[in-house]
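Please read the structure below before turning to the comments.
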Ligand code: BGC
């Protein structure tokens with residue numbers, strides 16, 4: 001055996017080099033370009049294709065009211081806890097905690113209940129869409145209404161959604177249907193939700209039923225809304241049902257959702273070969289902050305995983321890509337009790353923030369649109385982009401600037417077919433409850449769910465008008 005004897009001097013040098021390397025990798029920040037601001041511009045300078053889809057969106061559980069799915073059950077069990085944790089979670093990050101404190105600390109805030117009453121008021125809401133000048137509406141069909149028990153279908157609910165679709169068509173508004181937007185019947189959860197292969201079968205059967213019932217009037221179908229986010233909140237962080245924290249189980253879930261997408265794609269096309277079937281992804285524009293080698297690598301890895309994992313696995317079964325983008329992400333490795341933790345945090349110094357503390361970076365959407373175009377070359381729809389702003393001070397600029405960046409991406413070759421603002425109405429923001437107000441239309445929860453079009457929606461209307 002050969003033995004090496006290292007002298008004390010050499011040992012010291014090695015230790016010094018390792019220590020320096022450790023400091024560089026974990027602590028030395030590299031200079032970072034500031035996130036570029038969108039320049040001033042005239043509304044009429046924005047150019048969009050003639051048949052562009054100008055939309056707004058909702059998800060059944062967030063607006064309909066009286067839904068009975070796995071989240072409805074979870075809300076009632078967790079409302080007290082969510083209310084008692086609100087101050088610790090939000091007081092530091094939201095710009096005006098005093099304005100939301102009463103709502104955020106009230107357990108009722110977390111229970112969907114009648115929500116925005118969209119189930120009953122859909123015709124009024126469609127009339128308001130017309131008033132804003134929209135020609136597209138993205139919404140989800142609540143699986144637990146259509147199939148409340150395994151293999152038992154509710155004809156009355158099938159007719160309800162038919163009426164919504166027909167009313168939209170009558171008003172010249174293109175329906176964009178989401179088949180699964182985070183919710184499913186309780187029996188699906190009882191059988192192990194997306195860990196179970198039975199769920200793939202059941203989901204494809206549900207998708208087939210929708211295509212058979214509504215295919216004549218619907219062209220655009222979204223199989224899954226943000227499947228990766230379901231992994232993150234349901235199987236990694238475990239903050240929403242099924243509240244699991246296991247990477248192995250998360251991997252099984254995403255493989256099953258990918259398979260369900262591919263099979264639903266084929267099933268819908270077998271019924272209607274002209275349909276456009278896609279999924280939507282919660283896309284990230286991420287940076288390390290501070291931008292050390294480690295933080296930058298974490299940001300890049302998570303950005304790639306969120307943006308492309310599902311799409312890479314399903315690209316042969318995708319007619320269009322749904323991009324959802326709200327705000328940039330800042331990642332850092334945090335040393336603490338669990339030794340190391342990855343934190344995605346809000347930049348407290350940002351000048352403009354939403355009521356939830358989210359930053360504004362419109363050029364992020366340009367980056368996503370051009371990268372998605374270069375990677376897949378398929379049509380793209382911005383299926384969500386929005387801003388929680390109860391005072392409506394910043395929403396108009398938010399929309400304008402994101403549309404400026406969208407028009408820029410189009411002029412550089414990206415095939416963007418539409419823009420869906422999220423949401424049409426104020427809604428229940430999942431585990432945050434009702435206090436974040438994203439709506440183009442304000443809902444007064446204390447006055448019979450009265451609807452009022454916000455001034456920012458009028459600016460959106462003007463952009464639509466000028467583009468035609
Ligand atoms: C979800 C919406 C949600 C929005 C704002 C998206 O992740 O699809 O349901 O309201 O983000 O947080």
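A short reminder: the numbers here are calculations on the coordinates, not readings from a lab. All of these numbers come straight from a predicted model, not from anything done at the bench. We place every Cβ from the backbone using ideal geometry, glycine too, and count neighbours over all the protein chains shown.
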Can you give me the C-alpha center-to-center distance between segment 154-185 and segment 50-94, rounded to a whole angstrom? 20
May I ask you to sort 122, 110 by Cβ crowding, counting other Cβ atoms within 10 Å and putting the fewest first? 122, 110
Rounded to the nearest 5, what % of the DSSP beta bridges within segment 285-379 are antiparallel ones? 75
In degrees between 0 and 90, to the nearest 10, how far off the longest principal axis of the chain does helix 8-27 point, with axes built from Cα atoms? 20
The exposure ranking of 347, 51, fewest beta-carbon neighbours within 10 Å first, is 51, 347
Roughly what % antiparallel, to the nearest 5, for the DSSP beta bridges in the chain? 25
Ranking 18, 424 by Cβ neighbours within 10 Å, fewest first, what do you get? 18, 424
Heads up, segment 48-183 by the C-alpha gyration tensor (a ≥ b ≥ c square roots of eigenvalues; a/c under 1.5 rounded, else a/b over b/c prolate, else oblate) looks oblate
Anisotropy class of segment 30-89 from Cα gyration tensor, a/c 1.5 cut: oblate
For the chain, the longest principal axis of the Cα atoms and the Cα long axis of helix 363-376 enclose an angle in degrees, to the nearest 10, of 90
Using only Cα atoms, tell me the angle between helix 293-314 and the longest principal axis of the chain; keep it within 0 to 90° and round to the nearest 10. 40
At the level of C-alpha centres, the distance separating segment 390-468 and segment 317-389, in angstrom, is 17
First check a/c for segment 323-468, with a ≥ b ≥ c the square roots of the eigenvalues of its C-alpha gyration tensor; if it is under 1.5, answer rounded, and if not, answer prolate when a/b is larger than b/c or oblate otherwise. oblate
In deg cm²/dmol, rounded to 500, what helix-only [θ] at 222 nm does the chain give when every DSSP H run of at least 4 residues adds -39500 (n - 2.57) and the total is split over its residues? -14000 deg cm²/dmol
